[in-house]
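A short reminder: the numbers here are calculations on the coordinates, not readings from a lab. Keep in mind the model is a prediction, meaning the values are calculated, not measured. So basically every Cβ, Gly included, is an ideal-geometry build from the backbone, and we count neighbours across all protein chains shown.
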Amino acid sequence: MLTRPLISRASGRSCWAAVRKALFSSSAARQADFTHTVVGGGVVGLAIARQLAQRPNTTTLLIERHASVGTETSSRNSEVIHAGIYYGPSSLKTQLCVHGKHLLYDFCEKHSVGHRRTGKWIVAQNDVQREALEGIHRLCGEIGVDVRWVGEEEIEREGEGVRAVKGALDSPTTGIVDSHGLMMCLLGLFEDAGGVVAVNSPVESVTPLGSGTPGSSGWEVSVRDGFSGEASTITTETFINAAGLGSVDIHNSIVPPEQHKQLFYAKGNYFSYAASTHSISRLIYPAPEPGAGGLGTHLTLDLGGRIRFGPDVEWVDSPEDLAVNAGRKDLAIAEIKKYLPGVDESALVPDYAGIRPKLGKRGAVTAGKGFHDFIIRKEDGYEGWINLLGIESPGLTSSLAIAERVDGLMYGSVKE
Ligand SMILES: Cc1cc2nc3c(=O)[nH]c(=O)nc-3n(C[C@H](O)[C@H](O)[C@H](O)COP(=O)(O)OP(=O)(O)OC[C@H]3O[C@@H](n4cnc5c(N)ncnc54)[C@H](O)[C@@H]3O)c2cc1C
């Protein structure tokens, strides 16, 4: 049963009409207001909502707490289409990143979303980093991802001032994408497929219904309008938690205390680069450090060719601590100088920051100690709940593959 209107401030009108239309135009006999409810309007929630909305005779609601979709982590990242070379041979991160990369390139071409296959060099300055590169090279052989060693002469000739004392690996399938354009496109396709979006609607509680298995009679989702403070409640047959930095709070509000989880917040600060002296045509990453919380302060490009450096790893206590920490500029410069000795320090300007929703304090790479894979699962002991936790990098690259997986888990084509 739907109580009170959900307000869509993005369009300045009540969602009530759209919600009612969605409810009454469906021919499927059901008691819940919606077939699917996705909480979280980031790139992952949008991709899932768009995928599920394509199922015939179903209705899908996407709930977002802010006034528009895509304002948290999905718009505060490096916008890199990763090749899938960091996360061990059998992880979900590898599987979904490699598949998601292909889906994303095809999607961007089909729907004219801005993107570019820039390629990337991963560079080593010491023996430990060289070993890391060799590990990546071996892994790529195993998982069938293209990489090649760049010869010394090529580094000298084509390297555009980049230093790689112990070698470089070229990843030709790495690229960049306009993350905002991608999300607007997913939103448009979702709405075209009949999906309903409720913005300004922070979810306050999620309750499984049913006297037997929780969720067997659906779910009740309550939100409070961000402007008016009015409460709304809907019921849904299935519930998908794709709330990014808010996902663990939702998880913990449903499960018993012994199953509670904790999120750790790893802020990544970015610095833009105003110098015109450097023209760099590809992305440059330092070889990953085992156990580090990120991939190292790297050089990325936007679609206009502008250079930015970041993100570093700064552990913070709050998911709202999004101010760039300008005090970390010297640390960033020290890291950048290792692979770009000619960098003009005075041209680095604090730009923006994003926060990684991490399930542990270490291990961004490989499936070894401290590594946390994506959690994307049908929750045991409940019916109709797909839970997504720890969707850090490469979540943007993987988003379309994650959506396929959620659809498969829900409709039975993917077994856990
Ligand atoms: C610094 C950094 C760099 C990165 N670089 C890359 C990269 O180059 N390539 C790559 O593939 N990935 C990258 N990532 C990872 C990628 O950005 C994320 O994996 C992806 O954006 C996650 O999307 P999401 O939809 O799960 O989360 P989000 O974008 O955070 O969306 C979740 C949404 O849920 C909403 N929400 C939360 N709680 C509630 C609630 N109670 N009620 C209603 N709504 C709620 C939030 O407002 C938010 O809009 C990077 C991440 C960071 C932090």
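Relative contact order of the chain, please, whole-number percent, based on alpha carbon pairs below 8 angstrom and at least 6 residues apart.
Values: 968 pairs, mean separation 95.8, N = 416.
It comes to 23 percent, rounded to a whole number.
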Quiz item: Angle, helix 43-53 long axis vs. longest principal axis of the chain, Cα atoms, 0 to 90°, nearest 10?
Solution: 40
Quiz prompt | Selection from Met410, Ser272, Gly144 lying farthest towards where the dipole of the chain points positive, charges on Cβ | solution = Met410
Quiz item: Any idea how far apart Glu152 and Ser228 come out in nm if each label point goes 7 Å out from Cα toward Cβ?
Solution: 7.2
Practice problem: Work through the residues other than Glu131 whose Cβ is under 12 Å from its Cβ and net out their charges, Lys, Arg +1 and Asp, Glu -1. | Solution: 0
Self-check item: Unit charges at the beta carbon, dipole of the chain: most positive-side option, Thr71, Tyr285, Gly210
Solution: Gly210
Practice problem: Please go through segment 287-347 and write out the trypsin sites (Lys or Arg not before Pro) that DSSP classes as loop and that have at most 12 other C-beta atoms within 10 Å. | Solution: Arg306
Exercise. Filter the trypsin sites (Lys or Arg not before Pro) in segment 89-133 down to the DSSP loop ones having no more than 14 other Cβ atoms within 10 Å, then list what survives.
Key: Arg117
Quiz item: Relative to the first principal axis of the alpha-carbon coordinates of the chain, what is the inclination of helix 92-111, with its axis defined by its Cα atoms, in degrees from 0 to 90 and to the nearest 10?
Solution: 80
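Can you give the extra length, in nm with one decimal, that the chain gains between Ala274 and Ser216 once fully stretched, where that is 0.36 nm per residue apart less the Cα-Cα distance?
Details: separation 58, 0.36 × 58 = 20.88 nm, distance 5.65 nm.
This chain segment gains 15.2 nm when fully extended.
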Quiz item: Using θ = phi - 60° and the Karplus curve 6.51 cos²θ - 1.76 cosθ + 1.60, what whole-Hz ³J(HN,Hα) does each residue of segment 401-408 get, with Gly and Pro shown as x?
Solution: 6, 4, 4, 4, 5, 4, 4, x
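Which net charge results for the neighbourhood of Tyr105, defined as the other residues with beta-carbon distances under 12 angstrom from its beta-carbon, given Lys and Arg at +1 and Asp and Glu at -1?
On the way: positive: Lys101, Lys110, Arg116, Arg117; negative: Asp106, Glu109.
So the surrounding residues net to +2.
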Practice problem: Between beta-carbons, use under 15 Å as the cut-off and find the net charge around Ile254, counting Lys and Arg +1, Asp and Glu -1. | Solution: -4
Practice problem: Determine the relative contact order of segment 299-416: mean sequence separation of Cα pairs under 8 Å and six or more apart, normalised by residue count, in whole percent. | Solution: 15
Self-check item: All lysines inside 16 Å of Lys358 as judged from Cα atoms, apart from same-chain residues fewer than 8 positions distant
Solution: Lys93, Lys261, Lys267, Lys369
Quiz prompt | 12 Å Cα-Cα reach of Lys378 towards aspartates and glutamates, excluding residues that sit fewer than 8 places from it in its own chain | solution = Asp407, Glu416
Quiz item: Got the relative contact order for segment 214-315 handy, in percent, Cα pairs under 8 Å and 6 or more residues apart?
Solution: 20
